[in-house]
Amino acid sequence: MSTAASPSKDFIREIIDQDLTTGKHDGTVTRFPPEPNGYLHIGHAKSICLNFGIAQEYGGRCHLRFDDTNPTKEDVEYVDSIKEDIHWLGFDWGDHLYFASDYFDKLYEWALHLIKEGKAYVDDQSSEEMRAGRGDLQTPGTDSPFRDRPVEENLDLFQRMKEGEFEDGSRVLRARIDMAHPNLNMRDPVLYRIVDAVHHRTGDAWKIYPMYDFTHGQSDALEYVTHSLCTLEFENHRPLYDWFLDNLPVPSRPRQIEFSRLNLNYTVMSKRKLLQLVTDGYVSGWDDPRMPTISGIRRRGYPAEAIRSFCKTIGITKFKSTNDIALLESSVREVLNRDAKRYMAVLDPIKVVITNYPVDQVEEFDAVINPEDPELGTRKVPFSRELYIERADFMEDPPKKFFRLAPGKEVRFRCAYFIRCDEVIKDDDGEILELRCTFDPETRGGENPPDGRKVKATIHWVSAPHALDAEVRLYDRLFATEDPDGGDGDFLDHLNPDSLEIISNAKLEPNLASAETGETVQFERLGYFAVDPDSKEDGIVFNRTVGLRDSWAKAKGK
């Protein structure tokens with residue numbers, strides 16, 4: 001393939017093109033290195049699409065490597081969920097599944113190497129003392145009183161740390177670099193800490209665990225990664241990444257390149273905050289459809305193709321920015337408009353009785369499955385004397401420009417007949433119980449009648465005796481403000497109280513009984529909805545994926 005740089009390519013691909021053209025590398029190896037301490041969110045999707053996408057484009061490979069260096073927060077549940085999310089997005093790591101724990105022996109060996117070279121030492125200070133001695137951007141740090149320990153003493157203490165002789169937090173191993181360095185990450189960073197906890201893969205074999213900064217670059221080098229792609233918060237860590245590579249006998253030399261992370265308005269991306277939403281019960285779990293997790297948006301009904309398209313649209317840059325969630329929703333609509341099957345559903349039903357329609361008669365009308373894909377053909381929809389329509393499609397005393405059903409007014413029932421409302425039946429409290437209507441048999445199929453009269457509205461309906469009862473969950477944005485993390489208040493103060501409305505008496509056309517879990521369809525005139533895993537034999541549950549148009553922009557007058 002050609003590796004000539006193109007103006008349409010992002011800066012990372014231009015770097016890769018140059019490296020291949022100059023012969024610096026003869027192939028491309030990337031990696032996606034998640035921590036198994038939570039579920040992936042849509043911000044990770046950008047990195048997944050970038051790393052695996054580059055591997056596909058350049059005929060290289062992308063490794064999935066779990067950064068499992070903190071046993072107190074990691075779980076096999078998270079490992080399994082991450083694998084599922086990556087596969088759902090359409091990518092695969094093949095035989096290249098790795099764990100940082102695969103390299104614990106080698107990392108320990110390299111820590112010993114640094115100690116022997118006088119470039120690492122065991123520090124007995126508390127975390128508070130180390131923090132105080134680190135200094136800040138204006139003040140240089142202070143050398144630890146243990147910084148000049150003899151090599152043999154450091155080797156002895158580090159071995160005893162490994163054997164579990166000391167308590168958690170009592171000692172750490174630090175790199176010996178420069179306590180006056182202008183980059184705070186270079187001020188004798190911690191390489192190992194004591195953690196007496198069971199690891200999900202190595203059990204209780206280790207009592208010390210390497211820090212991320214010490215693990216990441218060396219793992220890249222051991223796997224012969226060519227381009228280590230990280231988000232911008234790691235830019236200040238790059239000198240340390242390179243320092244380790246310079247001072248250890250690594251087998252290869254990866255290059256770290258940073259890009260801007262994906263941020264969305266009306267959303268929080270912090271794993272800590274997402275975990276708080278789950279553990280404190282603000283959402284039903286990591287896969288709650290209001291969550292920005294990949295499992296959440298999958299459950300909500302977002303297609304994987306839409307996520308990939310969205311990540312491609314926002315592009316790869318070095319500029320920090322916040323993307324409008326409406327752009328993501330637009331990508332979802334674009335895919336679903338093309339692919340989703342159409343059905344009729346009534347979420348707030350009001351009964352319609354067609355008084356001049358035969359009591360026991362049932363007809364079937366042909367309705368298009370998807371106008372964007374004529375090859376799907378049509379479906380049969382039953383029509384009977386008693387039907388349901390949306391309550392919002394009727395007004396007893398309508399304003400001038402209300403063209404839907406009203407007393408004495410006529411509308412088209414989609415694919416069926418012209419219907420005129422003749423009478424409104426109410427209970428003692430004035431609530432509408434049903435509408436008494438008549439139909440025009442000359443308008444079968446929704447065709448205009450021979451006399452040439454026309455109607456200005458077409459509404460959807462569901463046959464009452466054939467209706468499928470369903471629960472429909474109307475999900476909206478979890479936060480009511482664009483920047484929940486902004487300001488001095490708690491992000492929880494910005495939760496949207498209307499982020500979930502549950503409708504228990506929705507009426508659906510019977511064809512939806514065959515919809516499969518995870519399938520996303522269009523409820524005509526209402527939006528896109530996905531079958532939830534909560535669906536059981538005794539009832540189907542649908543989640544609203546996204547409306548047919550951006551209702552938030554409309555509400556804000558955009």
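The values are calculated or read from the model by the stated rules, or taken from the named source; none is laboratory data. Model, not experiment: these values are computed from the prediction. As a convention, Cβ positions derive from the backbone with ideal geometry for all residues, glycine included, and neighbour counts pool all protein chains shown.
Taking the stretch 52-78 only, how many residues are more than 18 Å from residue 313 (Cβ to Cβ) and in contact with a strand residue (DSSP E or B) (Cβ under 6 Å, 6 or more places away or on another chain)?
Residues that pass the stated criteria total 11.
Would you list the helices (runs of 4 or more DSSP H) that sit entirely within the stretch 291-405 and hold 2 or more residues that are of a type in the set (Ser, Thr, Tyr)?
Details: elements: 294-300, 304-314, 325-339.
The qualifying helices (runs of 4 or more DSSP H) are 304-314, 325-339.
Would you kindly identify the strands (runs of 3 or more DSSP E) lying entirely within the stretch 426-525 that contain at least 2 residues that are assigned by TED's automatic domain parsing to the domain that holds residue 300 and buried (at least 17 other Cβ atoms within 10 Å of the Cβ)? Step through it out loud before you land on a result.
Working: elements: 432-440, 468-475, 500-508, 520-523.
In the stretch 426-525, the matching strands (runs of 3 or more DSSP E) lie at 468-475, 500-508, 520-523.
Any idea which of 154, 183 is among the polar types (S, T, N, Q) and in contact with a Phe, Trp or Tyr (Cβ under 6 Å, 6 or more places away or on another chain)?
The unique qualifying residue is 154.
What is the number of the single condition among (1) part of a helix (DSSP H, G or I); (2) over 19 Å from residue 219 (Cα atoms); (3) in contact (Cβ under 8 Å) with a residue 24 or more places away in the chain; (4) among the polar types (S, T, N, Q) that residue 72 does not meet?
The number of the failed condition is (1).
Quick check on the stretch 264-296: of everything there that is touching a Leu at 6+ places or on another chain (Cβ under 9 Å) and aliphatic (A, V, I, L, M), which residue is surrounded by the fewest Cβ atoms within 10 Å (Cβ to Cβ)?
Taking the candidates together, the pick is 269.
Is there any pair linking a residue in the stretch 357-372 that is farther than 11 Å from residue 384 by Cβ to one that is of a type outside the set (D, E, K, R) and exposed (fewer than 12 other Cβ atoms within 10 Å of the Cβ), with Cβ under 7 Å and at least six apart or on different chains, and which?
365/445; 369/377
Rundown of residues vs (1) buried (at least 16 other Cβ atoms within 10 Å of the Cβ); (2) touching a residue at least 12 places away in the same chain (Cβ under 8 Å); (3) closer than 18 Å to residue 111 by Cβ; (4) hydrophobic (A, V, I, L, M, F, W, C), yes/no style:
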{"position": "143", "(1), (2), (3), (4)": "no, yes, no, no"}
{"position": "151", "(1), (2), (3), (4)": "no, yes, yes, yes"}
{"position": "166", "(1), (2), (3), (4)": "yes, yes, yes, yes"}
{"position": "175", "(1), (2), (3), (4)": "yes, yes, yes, yes"}
{"position": "193", "(1), (2), (3), (4)": "yes, yes, yes, no"}
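Taking residue 400, is it surrounded by 11 or more Cβ atoms within 10 Å (Cβ to Cβ), over 27 Å from residue 513 (Cα atoms), free of Cβ contacts under 8 Å to residues at least 40 places away in the same chain and outside the structural domain of residue 333 (by TED's automatic domain parsing)?
No: the conditions fail for residue 400.
Picking from 266, 212, 224, which residue would you name as being on the phi > 0 side of the Ramachandran plot, under 27 Å from the mean Cα position of the chain (by Cα) and not assigned by TED's automatic domain parsing to the domain that holds residue 322?
266
Among (1) surrounded by fewer than 19 Cβ atoms within 10 Å (Cβ to Cβ); (2) free of Cβ contacts under 8 Å to residues at least 60 places away in the same chain; (3) in a loop (DSSP other than H, G, I, E, B), where does residue 27 come up short?
With respect to (1) surrounded by fewer than 19 Cβ atoms within 10 Å (Cβ to Cβ); (2) free of Cβ contacts under 8 Å to residues at least 60 places away in the same chain; (3) in a loop (DSSP other than H, G, I, E, B), residue 27 is out only on (2).
Would the stretch 317-324 turn up any residue that is of a type in the set (Phe, Trp, Tyr), more than 20 Å from residue 542 (Cβ to Cβ) and either assigned by TED's automatic domain parsing to the domain that holds residue 511 or in contact with a strand residue (DSSP E or B) (Cβ under 7 Å, 6 or more places away or on another chain) (or both)?
For the stretch 317-324, residues of a type in the set (Phe, Trp, Tyr), more than 20 Å from residue 542 (Cβ to Cβ) and either assigned by TED's automatic domain parsing to the domain that holds residue 511 or in contact with a strand residue (DSSP E or B) (Cβ under 7 Å, 6 or more places away or on another chain) (or both): present.
Going through 83, 162, 119, 46 one at a time, which residue ends up being out of contact with any Pro (no Cβ under 8 Å at 6 or more places or on another chain), among the charged types (D, E, K, R) and buried (at least 20 other Cβ atoms within 10 Å of the Cβ)?
46
Out of all the residues in the stretch 539-557, is one or more surrounded by 23 or more Cβ atoms within 10 Å (Cβ to Cβ), at pLDDT 95 or above and part of a loop (DSSP other than H, G, I, E, B)?
The answer is no; no qualifying residue exists.
Please find, among 405, 347, the residue that is farther than 18 Å from residue 446 by Cβ and either modelled with pLDDT under 95 or not hydroxyl-bearing (Ser, Thr, Tyr) (or both). Steps first, answer last, please.
Details: 405 fails: farther than 18 Å from residue 446 by Cβ.
Testing whether each residue is farther than 18 Å from residue 446 by Cβ and either modelled with pLDDT under 95 or not hydroxyl-bearing (Ser, Thr, Tyr) (or both) leaves just 347.
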